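J.: Mind having a look at this structure? Questions to follow.
Each reported figure results from applying straightforward, stated rules to the coordinates on display, with no laboratory input. Bear in mind that the values here come from a model prediction, so they are computed numbers and not experimental data. Positions of Cβ are generated from backbone atoms using ideal geometry, with glycine treated the same way; all protein chains shown enter the neighbour counts.
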Amino acid sequence: MVVEYDPGWAVRFEMLRREYAAAMSAAAVPVVAIEHVGSTSVPGLAAKPVIDCDIVVEQTQVVAASNVLMSLGFTPEGELGIPQRWAFREPVRLAGTNTYVIVDGCLSLRNHLAVRHVLRADAALRDEYAAIKRQAGARAANIDEYGQLKSPVVQKILAAAGLATVERASIAGNQVPTHDELRGRARALTAGRRVRGPRGPRSRIDD
């Protein structure tokens, strides 16, 4: 459900940032940055009320950072079709958040930061994106269709950010599993079974 911007989103992100920073520091895991990304990071932008957080590390620190999140109650879900970005299912106490471990400088991180930067700086494009999100939220049968309906304007935002055509094509071609597939993976993992990878290209952007 898309709702109007809430200043409390920035406050909640700061609470997450402090918890993650403290946990990483206690485990001696060096962190490049902890970034608030996605639509809730853009003042004035309507969004799904879910806080997206990128824990940015060097490639060599991915496993260590992931272990810290698991110690906080997160369940690892793998890259989920987004290269060099590892997703985690949040514990109940952090419901309404998405937290990722992501490699510094990778295209997936540049995607997240580019969208945030452009929409913070361009009010007209921000409002255009908000209108599309509301329309998509009203029309879409599920979250996967919602993402597909947003894809053209997301590509417009990435172009405005200066991402090359080949980079935008790579982002659009990410093989992201549907939410039904994710639920199936979770059930399989609970039962101790191996799970299959995503079955086709999708262009959902997590925001």
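J.: With each pseudo-label sitting 7 Å past Cα toward Cβ, what's the GLU14-SER170 distance in nm, one decimal?
T.: Calculated label separation equals 3.5 nm.
J.: I've got another one for you. Just subtract the alpha-carbon distance of ALA22 and MET1 from 0.36 nm times their residue separation and send over the number in nm, one decimal.
T.: 4.4 nm
J.: How high is the relative contact order of segment 8-191? Use alpha-carbon pairs under 8 Å, at least six apart in sequence, and give a whole percent.
T.: The normalised contact order for segment 8-191 reaches 18 percent.
J.: Grab the other residues whose beta carbon is less than 14 angstrom from that of PRO30, score K and R as +1, D and E as -1, and report the net.
T.: Combined, the nearby Lys, Arg, Asp and Glu give -2.
J.: Under the √(5λ) rule applied to the eigenvalues of the Cα gyration tensor, what semi-axes describe the equivalent ellipsoid of segment 8-191? Give them in Å, descending.
T.: Working through the eigenvalues yields semi-axes of 26, 19, 17 Å.
J.: Enter the Cα centre distance for the pair segment 125-141 and segment 57-74, rounded to the nearest angstrom.
T.: 34 Å
J.: Counting other beta carbons within 10 Å of each Cβ, put MET15, MET1 in order, fewest first.
T.: Arranged by neighbour count, lowest to highest, MET15, MET1 become MET1, MET15.
J.: Only bridges with both residues in the chain count here: give the DSSP antiparallel percent, nearest 5.
T.: 65 percent
J.: Within a 10 angstrom radius of the beta carbon, how do VAL11, VAL153 rank from fewest other beta carbons to most?
T.: Least to most surrounded, the residues fall as VAL11, VAL153.
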